[in-house]
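K.L.:
Attaching a single structure in structure tokens format; questions to follow.
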Amino acid sequence: MSVNPMYHQTNQHMEEELSWIRRAQKDPESFGPLYKKYHEQIFRYVYQRMDDEETAFDVTSQVFLKALNNLQRYEYRGVPFSSWLYRIAKSELYQSFRDKKAQRTVNIDSFQLFELIEEFVDDEKEENRKKLFKSLKLMKEKDMQLIEMRFFEKRSFREIGEILEITENNAKVKTFRAIEKLKQLFNTTKLSHGDQES
Amino acid sequence: MEIKKVNLDRKPITSEYIQSKQDFQHVVNAFSKTKIPVWKQPLFYGAIGVASLATVVTSTVIHFNNTEIDGKTITLSTAKKEDTSESMATMQFASVESSPKNQETKSENSLMKSNAVKILSINTDSNELVRTISSVSLTSKKSIEDESFSTFLPNISGVYQGDIAYDKLCSSNGIEVKNGVEVRSFKIQYATGISDKEVVIKDKKLSEVVCKDLEKSGFNQMVFITEIEAFDGERKITLPSMNFWVKFDS
């Protein structure tokens, strides 16, 4: 499984990033390089979880505005700056769902779906695909976000751990449990007549 | 949170398109709009508060220091600490010089035994007594009964601070200060058994009502005498506060 290449950085990159942060703490205009570097990542993270593109851009702007507002309180803890941004993004995202500005959506492509079905059954029949769709809708949010990050966004357990503020091992265990729950839902889900037709 | 929708193979968005939507200036503008002005921040009020308090304290200290008492200049040149279990600090007045006004030269050595007051420094110039009483401690109850030090301190029956018998407190001539300084009013705080009472007395003596209240309560208690206003000739001065441990059993 591939990992997000943007996340893993060398010490030199982290130090450079830290110097940008220090400068931006003094002058908001110096936040520019960080905005340019992370805008796409954060947008994709947000857009992955909602349906509307414009709202996703709005939420992304809000994330950077909030980051700029709270930059004075940012403390470097040896992890990439992006994990801090992801945490803000997560909170802004859920706020937009609560405000009903956006709908919680799971976006998946055929290849990812195939990979996921392979975890449960051997054949990728249309019926199994529908069953998986139905099961995903029944998943709890905390489990869904782990599956999304690991299977749809191809993030490493380390990165998942840093975004969710848990250890790498804990991220592994929780993701495994989430998959088990999805498998259970997949096996117990029965397709109704309406589901068969859609 | 409920998952409302699952999309399969949604049309991907290119990096170029996302980059074209970047608008850092919009974020910076929004940031400058959301920034709270300095005068609206709690820190600002904190700083103003501290500065005001410092100003008030400084002006009070300056006012207090400029109070001339007795036309004399007292130089405290040495301060010795005596190691006694009863007293916390013992200060020695090395010399008392007269001001040019009366051109007397006196030299007094008087021991001021104080378990309640620590006079850390006494600076002088030719006309004014400048005193800094830096801390007052009420940890011990020993009375200060040495009369020689009471040149500028108010006292009741020679007691400035500490233990005082009820009879002494109520049947004396009230608050006395040496060298013609006359006490006109003061505030007294004491407990009546149910609650604390605060009475302003326009005299140098404790009123009968206060004495009766104290007698009625019948228990040893701490009494605070503050805002002692006196006249040194024509000039109105405020004297240092006094605290007494009023005893009925002595």
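K.L.:
Could you grab me the full set of residues in the range A:88-109 that are of a type outside the set (Asp, Glu), within 16 Å of A:ARG44 (Cβ to Cβ) and within 7 Å of another protein chain (Cβ to nearest Cβ)?
P.N.:
Scanning the range A:88-109 gives A:THR105, A:VAL106, A:ASN107, A:ILE108.
K.L.:
Scan the range A:23-35 and tell me whether some residue there is touching a residue at least 24 places away in the same chain (Cβ under 8 Å), assigned to a loop (DSSP other than H, G, I, E, B) and closer than 19 Å to B:PHE24 by Cβ. Explain how you work it out, then say what you get.
P.N.:
Step one: list which residues in the range A:23-35 are touching a residue at least 24 places away in the same chain (Cβ under 8 Å), which gives A:24-25, A:28, A:31, A:34-35.
Then keep just the ones that are assigned to a loop (DSSP other than H, G, I, E, B); that gives none.
For the range A:23-35, residues touching a residue at least 24 places away in the same chain (Cβ under 8 Å), assigned to a loop (DSSP other than H, G, I, E, B) and closer than 19 Å to B:PHE24 by Cβ: absent.
K.L.:
Moving to a separate point now. So A:GLU29 passes all but one of these: (1) within 10 Å of chain B (Cβ to nearest Cβ); (2) of a type in the set (Asp, Glu); (3) under 21 Å from the mean Cα position of the chain (by Cα). Which condition number does it fail?
P.N.:
(3)
K.L.:
May I pose another question? With in contact (Cβ under 8 Å) with a residue 40 or more places away in the chain, part of a helix (DSSP H, G or I), farther than 18 Å from A:MET50 by Cα and open to solvent by 30 Å² or more (accessible area, probe 1.4 Å) as the only criterion, which of A:GLU119, A:GLU115 stands out?
P.N.:
On the way: A:GLU115 fails: in contact (Cβ under 8 Å) with a residue 40 or more places away in the chain.
Just a single option satisfies the conditions, and that option is A:GLU119.
K.L.:
Would you please name the residue that is surrounded by the most Cβ atoms within 10 Å (Cβ to Cβ), looking only at residues in the range A:59-75 that are free of Cβ contacts under 8 Å to residues at least 12 places away in the same chain and in a helix (DSSP H, G or I)?
P.N.:
Step one: list which residues in the range A:59-75 are free of Cβ contacts under 8 Å to residues at least 12 places away in the same chain, which gives A:61, A:65, A:69, A:73, A:75.
With in a helix (DSSP H, G or I) added as a condition, the list becomes A:61, A:65, A:69, A:73.
On the way: A:SER61: 22, A:LEU65: 20, A:ASN69: 15, A:ARG73: 7.
Ranking the qualifying residues of the range A:59-75, first place goes to A:SER61.
K.L.:
Restricting to the range A:133-179, name every residue that is touching a Phe, Trp or Tyr at 6+ places or on another chain (Cβ under 6 Å) and within 13 Å of chain B (Cβ to nearest Cβ). Show your work before the answer.
P.N.:
Initially, the range A:133-179 is screened for residues touching a Phe, Trp or Tyr at 6+ places or on another chain (Cβ under 6 Å), giving A:135, A:159, A:163, A:168, A:171-172.
Scanning the range A:133-179 gives a single hit, A:SER135.
K.L.:
Looking only at the range A:76-89, count how many residues are touching a residue at least 60 places away in the same chain (Cβ under 8 Å) and open to solvent by less than 20 Å² (accessible area, probe 1.4 Å).
P.N.:
Residues flagged as touching a residue at least 60 places away in the same chain (Cβ under 8 Å) and open to solvent by less than 20 Å² (accessible area, probe 1.4 Å) within the range A:76-89 amount to 5.
K.L.:
If you don't mind, another one. Name the residues in the range A:43-58 that are more than 10 Å from every other protein chain (Cβ to nearest Cβ) and free of Cβ contacts under 8 Å to residues at least 60 places away in the same chain, would you? Give the steps one after another, and end with the answer.
P.N.:
Start the filter on the range A:43-58 by keeping residues that are more than 10 Å from every other protein chain (Cβ to nearest Cβ), which leaves A:45-46, A:52, A:55, A:58.
Residues satisfying the conditions are A:VAL46, A:ASP52, A:THR55, A:ASP58.
The values are calculated or read from the model by the stated rules, or taken from the named source; none is laboratory data. This structure is a prediction, so every number in the text was calculated from the model and none was measured. When we count neighbours, we look across all protein chains shown, and the Cβ atoms used for this are built from the backbone with ideal geometry, even at glycine. With ligands, DNA and RNA removed, areas are computed over all heavy atoms of the protein, side chains included. Shrake-Rupley method; radii C 1.70, N 1.55, O 1.52, S 1.80 Å.
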